[in-house]
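Trainee: Below is one structure. I have some questions about it.
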Amino acid sequence: MLAWINRFLHALKENRKITAPDVFPFTASQVSAASVLASFGVFFNPIIALLTSLVLDSFDGVVARSQNATSRDGGMIDWASDRYSEFIFYGYFALQHTPLLILLPVANTLLNLSLLRGWKVVIIPIRFYLLAYLVITRFLIA
Amino acid sequence: MNTPSHIFVSLLIGLQFTQDPLMLFIAVLAGILPDLDHLPHITKALKTGRFGSSSRSFFHELIGLSIFTTLSLFTGDLFPLVFFPLLSHYLLDYMTRPTRPFYPFDKRELHLGIYPKSLKWMTIIEVPLTCLLGLIVFYML
């Protein structure tokens with residue numbers, strides 16, 4: 001944080017163009033971490049927590065590209081954060097409904113690992129499906 | 001995260017579901033289960049002051065979480081007392097330590113950058129944090 005403040009002040013002092021790293025102090029992996037931490041909001045408001053987590057999850061790539069900090073490691077952190085986030089959300093709903101729901105993030109983790117082995121599989125966006133289900137049941141079905 | 005922290009967090013989670021000492025013991029066991037793979041590396045850890053990501057077997061990563069989660073489905077009513085402390089262990093480690101989440105399929109070591117890496121700062125933060133967790137557990141008990 002101090003390094004960021006110093007960089008921002010130097011940019012102002014040197015009268016050079018302010019770029020994204022000068023304005024946004026966090027790294028893409030820290031944004032991914034925030035996405036996982038936001039998942040804990042499921043215990044308070046599942047819909048807001050899901051929206052926050054998904055927005056932060058999509059934001060980490062933007063941050064990485066704007067800071068010219070894209071890397072394979074960053075992509076792996078994004079994947080890992082997604083898997084842990086799914087376990088948090090589906091763990092909560094497994095408690096509310098049936099423990100079998102926890103098999104969905106397990107399946108997604110296995111699909112992710114298969115992807116790393118080079119298998120042509122697709123990771124299922126189970127958080128999006130969960131958000132759609134919650135929105136439909138909360139707002140559209142009386 | 002260090003083992004006492006895992007124990008305290010597991011107790012905190014267990015206390016949300018039960019006050020029964022045996023059930024709380026089960027929650028603690030589930031919470032520290034992944035750390036059993038550190039036992040062969042204790043000598044090295046005592047010399048260097050830390051275990052390191054190489055002391056983590058695949059049971060300590062996402063595939064281990066998947067295996068233990070699936071097994072926790074067979075615990076019946078104990079599912080919340082087993083799954084949530086277990087999940088807390090993986091999350092705490094992911095947030096605070098260099099991990100290899102996709103090991104053994106990918107051996108890349110990843111660190112989120114929200115927790116200090118140096119042993120000095122880790123100790124400065126973890127000792128009071130662990131004591132605080134212990135106090136909270138003691139108060140709730």
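The values are calculated or read from the model by the stated rules, or taken from the named source; none is laboratory data. In this text the structure is predicted, and so the values were computed from the model without any measurement. Using ideal geometry, Cβ is built from the backbone for each residue, glycine included, and neighbour counts are taken over all protein chains shown. In case anyone asks, the SASA skips ligands and DNA or RNA and just uses the protein heavy atoms, side chains included. Shrake-Rupley method; radii C 1.70, N 1.55, O 1.52, S 1.80 Å.
Trainee: Anything in the stretch A:53-67 that is more than 30 Å from B:Asp77 (Cβ to Cβ), open to solvent by less than 60 Å² (accessible area, probe 1.4 Å) and under 15 Å from the mean Cα position of the chain (by Cα)? List them, or say none.
Mentor: A:Leu54, A:Leu56, A:Asp57, A:Asp60, A:Gly61, A:Val63, A:Ala64 - these are the residues of the stretch A:53-67 that are more than 30 Å from B:Asp77 (Cβ to Cβ), open to solvent by less than 60 Å² (accessible area, probe 1.4 Å) and under 15 Å from the mean Cα position of the chain (by Cα).
Trainee: Suppose we filter the stretch B:96-115 for residues that are open to solvent by less than 20 Å² (accessible area, probe 1.4 Å), within 16 Å of the chain's Cα centre (by Cα) and facing chain A (nearest Cβ under 10 Å); how many remain?
Mentor: 2
Trainee: Right, something else. Considering only the stretch A:79-97, state which residues are open to solvent by 30 Å² or more (accessible area, probe 1.4 Å) and at the interface with chain B (Cβ under 10 Å from one of its Cβ atoms). Outline the logic, then answer.
Mentor: First pass over the stretch A:79-97, keeping only residues open to solvent by 30 Å² or more (accessible area, probe 1.4 Å): A:79, A:92, A:95-97.
Once the filter is applied, which keeps residues that are open to solvent by 30 Å² or more (accessible area, probe 1.4 Å) and at the interface with chain B (Cβ under 10 Å from one of its Cβ atoms), the stretch A:79-97 yields A:Trp79, A:Tyr92, A:Leu95.
Trainee: Residue check: is B:Tyr90 at the interface with chain A (Cβ under 9 Å from one of its Cβ atoms), farther than 24 Å from B:Leu22 by Cα, of a type in the set (Phe, Trp, Tyr) and in a helix (DSSP H, G or I)?
Mentor: In short, no.
Trainee: Could you list, ordered by first residue, the pairs with Cβ atoms under 6 Å in which the first is in the stretch A:23-41 and at the interface with chain B (Cβ under 10 Å from one of its Cβ atoms) and the second is open to solvent by 60 Å² or more (accessible area, probe 1.4 Å) and aliphatic (A, V, I, L, M), at least 6 apart or interchain?
Mentor: From the stretch A:23-41, the pairs are A:Gln30/B:Ile114; A:Ala33/B:Ile114.
Trainee: Any idea which of A:Ile124, A:Ile102 is outside any helix (DSSP H, G or I) and under 30 Å from B:Leu78 (Cα atoms)?
Mentor: Values: A:Ile102 fails: outside any helix (DSSP H, G or I).
Only one candidate qualifies: A:Ile124.
Trainee: Continuing with the same structure: Please go through the stretch A:68-78 and pick out each residue that is open to solvent by 30 Å² or more (accessible area, probe 1.4 Å) and within 13 Å of chain B (Cβ to nearest Cβ). Explain how you work it out, then say what you get.
Mentor: Step one: of the stretch A:68-78, the residues open to solvent by 30 Å² or more (accessible area, probe 1.4 Å) are A:68-75, A:78.
A:Ala69, A:Ser71, A:Arg72, A:Asp73, A:Gly74, A:Gly75, A:Asp78 - these are the residues of the stretch A:68-78 that are open to solvent by 30 Å² or more (accessible area, probe 1.4 Å) and within 13 Å of chain B (Cβ to nearest Cβ).
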